[in-house]
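The values are calculated or read from the model by the stated rules, or taken from the named source; none is laboratory data. Note that the structure is a prediction, hence the values are computed from the model and not measured. Cβ coordinates were reconstructed from backbone atoms using ideal geometry, including for glycine residues, and neighbour counts include every protein chain displayed. In case anyone asks, the SASA skips ligands and DNA or RNA and just uses the protein heavy atoms, side chains included. Shrake-Rupley method; radii C 1.70, N 1.55, O 1.52, S 1.80 Å.
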Amino acid sequence: MKRIIAALMAILVLTALAACKKTETNTEPGIDGSVDKNSFHFIPEPQKLTPGKRYMVVAPTVGGGVFDNAQKTLCDFTKRIHNTELTQVGSDAAITFEKTEGLKKEAYQIKAAGGKLIVMASDEAGAQNAVATIVQMEEAAEGGLKIAECTINDEPDCEFRAVMVDLARAWHEPHYIYEYIDMCRFYKIRYLQLHFTDSQLYTLPSKAFPKLSTPGSSYTEEEIKGFIEYARLRGVSLIPEIEAPGHCGIFQAKYPEVFGSDGIICQGSTSLEAMESIFSELCELFEGSEYIHLGGDEANIALWLKCKKCLATYRSVYPDFDSRTDSEKLAIMYSGYINRISDVVFRHGMKPIVWEGFPEEANQYVSKDILVYSWENYYQTTPSLLKAGFNIVNASWAPMYIVTPAAYWTPQEIYEWSIYRWKAVHPQSPYNQTPLVIDPDPHVKGGMLLAWGDHIATTYKKIDKGIQAEQKLIEERVPFLAYNTWNLKAGHPGYEDFYDQTVLPVKTLYEKLVKTRSNYNLALNASVFTYLNDCYEEYGNAVANLTDGNRSTQFCSTLLTEYNDETFDWIRVDLGTPKEVNRVALFPVFDSNLGRYYMFPKDYEIQLSADGVEWKTVAKVTDYTCDTDKVVHDFDTETARYVRLYVTRVDKSVHDTPLWFVYLKEFEVSYID
């Protein structure tokens, strides 16, 4: 009997101890549920992930005193994806960032346990990469964020991971650029290349050659600086591209006396000095970017042999130039142009990039410090570039090109691609029928996804519809680019299983991010009304043009045959629901015949309203003379559904009679962080 009582007592003691232990464990914030590798869904996949034993609740605070931009990115993305506000505090934060020497560039570590999450990195890039991982593992929960305990040690295998977007065949509204920056940050894509110029459009501002900028389809310096700053704060590096010496229709249409007129940039001294000036201007505008793309593809360089100015340039440098073969001459001339423009980039502390657009004969002359995109395997093959000592990026036509809506490859084909595999499309490429697969080579720095707009303007009645289609194609494929350029050792399970179990959960988070971008044009496609009817609608000047996102369309209000001090007009935009706003941008119309901006208001107010009845003036302008493509009004953040431009006087000086109306391209409303 005593033994039975002793056994019962022992059981009671053990039960009590277990209860105490359980109570002690639960004093830490936690959520029931086991954790294993199936509890995580990441794109790209971390190099090393060690799951803990349970989930925990992390208080919504972040700090640590370092990597402030990464902290702000985490706050921004957590709010937009998980609808949870993080507060930046000091060292007592639940999520802390620490600077740890010894970790490689872009590398990071995460330790999540006991209600705390610690991020360790040696540089801002590593801290930003950690943010992309955290937002894919956290969930909203009562009291903060639900996070699985784990330890992550991660770094990229490829230093070059990029997406390119063509802005020069179909001009993109600024909000697309911001969305692509967010996309790059979310998927740990380090570079966003912007193809700013081609024969169709020149979308950059230029002080040296202002006529290059395409009216209505180019970005202001302020807009460019906005892209640069937004990307910098999120750890994304922009690569601007000016395409030359081919694809130069805009150059020669606007300044034939400088750049020539036969389809390729002239290499006379005046033209070369002008190109140096243009690229110097580009480097100064994109100060802080790591790379500048010089173009260099699909140029009919044989035309240089027919240009007296071009030949004179190289005869002055090479006394035996005329005795060389044509192929040798062209190799010297191509490399001469590329090296000269590259020197401008090097002087600004940046690195130049060119397309694989030069013959093998030029390899001995082209600087090996220039990064080369191997894309077609026609102008020169990948093995030839590697043998010559170039560092290259895999930009294979197939499956990495998107030409909306004419040509693109499936996400599965990109999933099955690697940075060591090329599939050519050009019929004269040696790899047109059989893909090129090479052994791993440290000179292959990474890979990229490229979107070209050749067919958008000619296929879609509304260009914005084509750009939206392009964006969808990019967003469907970029997860697989990220997966295959971050961790080269990651396994490749069956595509369907990978898509269902990993891509879809991560894609759902990304879609929440994009839909809530803060400084998106809130007025895009919004309902718009004007007090004076748009009587010029039959001429294509409808009031809906003000919010269509297309700066090549315009609005013109009613003509008045009488004008007095009581005459007024207003344009009202309905945002649909109350929204936070703190910026209104107006886009005037420039009349090239008059050489001035046309019928922009001289006296006006920017007004806000919650109900469309009571109005608050947030900006007031008197006696204004317009001299810019974009008139911006910033003000303290307000919540409003309706935004109104209230006009009391316009410029009538272009008319002999008192005809009076308002002329505008676009009316944008934004919230800027």
May I ask you to derive the relative contact order of the chain, considering only C-alpha pairs under 8 Å and at least 6 residues apart, and to give it as an integer percent? 10
Work the Kirkwood hydrodynamic radius out for region 318-432: mean of 1/r over every pair of different alpha-carbon atoms, inverted, in Å. 15.6
With a ≥ b ≥ c from the Cα gyration tensor eigenvalues, square-rooted, and the rule rounded for a/c under 1.5, otherwise prolate when a/b > b/c and oblate otherwise, the chain is oblate
If you keep only loop residues by DSSP, which GluC sites (Glu not before Pro) in region 251-358 have at most 16 other Cβ atoms within 10 Å of their Cβ? Glu287, Glu290, Glu298
Roughly how many Å² of Arg324 are accessible to a 1.4 Å probe, to the nearest 10? 60
Can you compute 3J(HN,Hα) from phi for each residue in region 194-202, using the Karplus curve 6.51 cos²θ - 1.76 cosθ + 1.60 with θ = phi - 60°, rounded to whole Hz and x for Gly and Pro? 10, 7, 7, 9, 7, 5, 7, 9, 10
Count the DSSP beta bridges whose two residues both fall in the chain, then state the antiparallel fraction as a percent rounded to the nearest 5. 65
Past 31 Å, Cα to Cα: identify those pairs from Lys53/Lys188; Lys48/Lys507; Lys211/Lys616; Lys99/Lys423, in the order given. Lys211/Lys616; Lys99/Lys423
Any lysines whose Cα falls less than 17 Å from that of Lys602, other than same-chain ones fewer than 8 residues away, would be Lys620, Lys630, Lys652, Lys665
Let me know the charge dipole size of the chain about its Cα centre in debye, to the nearest 20, where only the beta-carbon of Lys, Arg (+1) and Asp, Glu (-1) is charged. 1860
With a cut-off of at most 16 other beta carbons within 10 Å, and DSSP calling the residue loop, which trypsin sites (Lys or Arg not before Pro) in region 82-122 qualify? Please list them. Lys104, Lys105
Under 18 Å between alpha carbons, and skipping anything fewer than 8 positions from Lys37 in its own chain: which aspartates and glutamates qualify? Glu45, Glu138, Glu139, Glu149, Asp154, Asp497, Asp500
Sort 404-410, 70-76 for me by packing, meaning the mean count of neighbouring Cβ atoms within 10 Å per residue, highest on top. 70-76, 404-410
Hits in region 378-419: amide N under 14 Å from the 7 Å Cα→Cβ extension of Asn432, namely 378-379
Which value, in debye to the nearest 20, gives the size of the charge dipole of region 302-349 about its Cα centre, when Lys and Arg are +1 and Asp and Glu are -1 at the Cβ? 220
Using only DSSP helix segments of four residues or longer, with each worth -39500 (n - 2.57), what per-residue ellipticity at 222 nm results for the chain after dividing by its residue count and rounding to 500? -9000 deg cm²/dmol
Over region 216-303, what is the mean sequence separation of C-alpha contacts under 8 Å (at least six apart), divided by residue count, expressed as relative contact order in percent? 39
Kindly flag which residue pairs out of Lys72/Lys225; Lys225/Lys368; Lys146/Lys489; Lys351/Lys387 have an alpha-carbon separation exceeding 26 Å in this structure. Lys225/Lys368; Lys146/Lys489
Would you mind pulling out the separation of the Cα centroids of region 241-313 and region 94-130, in Å? 44
